[in-house]
Amino acid sequence: MIEKMSCKGIKVLVAEDSEATQELYRHYFKELGCEANYADNGEEAVALVRKNHYDICLMDVEMPVMGGLEASYMIRQITEALPIIAVTAYIKDKNKELCFKAGMTDFLSKPIYSSDLEDIILKYTKI
């Protein structure tokens, strides 16, 4: 298999509590060439944004300790520039409205596919 490496050099923050989903991201990012840090909950994601620069954030909406909505709101207090992509299986109009109010930029539906992940990363980052 030839690696795409279309996202080489892009730094991604992934806020996701599922180890299985984190492994899926690792597999996709290896193929795409992204560098990634992982947070198991929103609180960890906010702490990582305070310490590091990221080009994009993939934020699970439902996580323990601090969910994606609250974490996105707090990240917006730190930076307006970071694209925050809601990753959820439940994209309904009401959920979209809540996500936008919290400061999220866009949505990615679960299940996650490599091509959709690549598209959303390239849409919001400059290489």
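Values quoted throughout were computed directly from the atomic coordinates according to the rules given, and no laboratory measurement underlies them. Only a predicted model underlies this, so the values are computations on that prediction, with no experimental measurement involved. Counting neighbours? That spans all protein chains shown, and the Cβs are built from the backbone with ideal geometry, glycine included.
Structure above, values below:
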read-out	value
At most 15 other Cβ within 10 Å, DSSP loop - chymotrypsin sites (Phe, Trp or Tyr not before Pro), the stretch 28-127	Tyr90, Tyr113
GNM top mover of Glu23, Glu62, Glu70 - the chain, alpha-carbon springs below 10 Å	Glu23
Order of Ile78, Ile120 under a 10 Å beta carbon neighbour criterion, fewest first	Ile78, Ile120
At R0 = 25 Å, FRET efficiency that the Cβ-Cβ distance of Asn52 and Phe107 yields, to 0.05	0.60
Potential lengthening between Gln77 and Asn95 on full extension [0.36 nm per residue; Cα-Cα distance subtracted]	4.4 nm
Gaussian network model of the chain, Cα within-10 Å springs - most flexible of Ile84, Ile75, Ile112	Ile112
Most mobile listed residue (Met59, Met74, Met104) in the chain, GNM with C-alpha springs under 10 Å	Met74
Tensor-based shape of the stretch 11-124 (alpha-carbon gyration tensor, a/c under 1.5 rounded, otherwise prolate or oblate)	rounded
At R0 = 22 Å, FRET efficiency that the Cβ-Cβ distance of Glu70 and Lys8 yields, to 0.05	0.10
